[in-house]
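Down below is the structure, laid out as structure tokens.
What follows draws every value from the coordinates through simple rules; no lab data is involved. Just so you know, these numbers come straight off a predicted model, no measurement behind them. Reconstructed Cβ throughout: ideal geometry from the backbone, glycine too, with neighbour counts over all protein chains shown.
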Amino acid sequence: MPSLFPVVCVALVAGVAIALQSLFSGIIGGRIGTAESTFIVHLGGFLLSGVIILLLRGGSLSRWHTVPWYALTAGFLGVVIVASVSFAVPRLGLASTLTLAIVAQILLGALLDHYGWLGASPRPLDVFRVVGLAAVAGGTWLVVR
């Protein structure tokens, strides 16, 4: 079995990037507006991913039509995420915003896993996962209150 260490490191990098992006988009949103922040963040992402695709000479982009239709809404969801964070961070603070966003992700992720919805690998809820979810919800209350 391959080591999970590299995957865990990538996930931790993602967490750092999410925290920094949230802070930066909140700063932009607080100074010039939520819609403007969303545009700037996604324009930067568009440019970087465009350069990467060019360097990969198109990569697998030609197979986009094999992706389920609902997965193609990810870009729209990215706008919702950045707009929500840009709006909430200046009002709630970074830690509270991220904590609320993370608990929502974990709760929805547990439901998607439990039922295997939208292509998630089924992983039924058991008593340990429910206790863990309750602990996360309790921790969220402590952070946000």
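For VAL143 and TRP64, what does the FRET efficiency come to when R0 = 30 Å and r is the distance between their Cβ atoms, rounded to the nearest 0.05?
Efficiency, rounded to the nearest 0.05: 0.15.
Take the Cα atoms of the chain, find their three principal axes, and give me the spread along each one in whole Å, biggest first.
48, 43, 31
Give the value in nm², to one decimal: projected area of the alpha carbon convex hull of the range 94-145, averaged over all directions.
Mean projected area for the range 94-145: 3.6 nm², to one decimal.
Ratio of alpha-carbon Rg to the 2.2 N^0.38 Å globular estimate for the range 41-88, to two decimals, please.
1.37
For the range 46-145, calculate the relative contact order in percent as a whole number, restricting contacts to Cα pairs under 8 Å that are 6 or more residues apart.
20 percent
When a/c is below 1.5 the answer is rounded, else prolate if a/b is larger than b/c, else oblate, so apply that to the range 1-74 with a ≥ b ≥ c taken from the square roots of the Cα gyration tensor eigenvalues.
Here the range 1-74 falls in the oblate category.
So how far, in whole Å, is the C-alpha centre of the range 36-92 from the one of the range 10-33?
Distance between centres, Cα-based: 14 Å.
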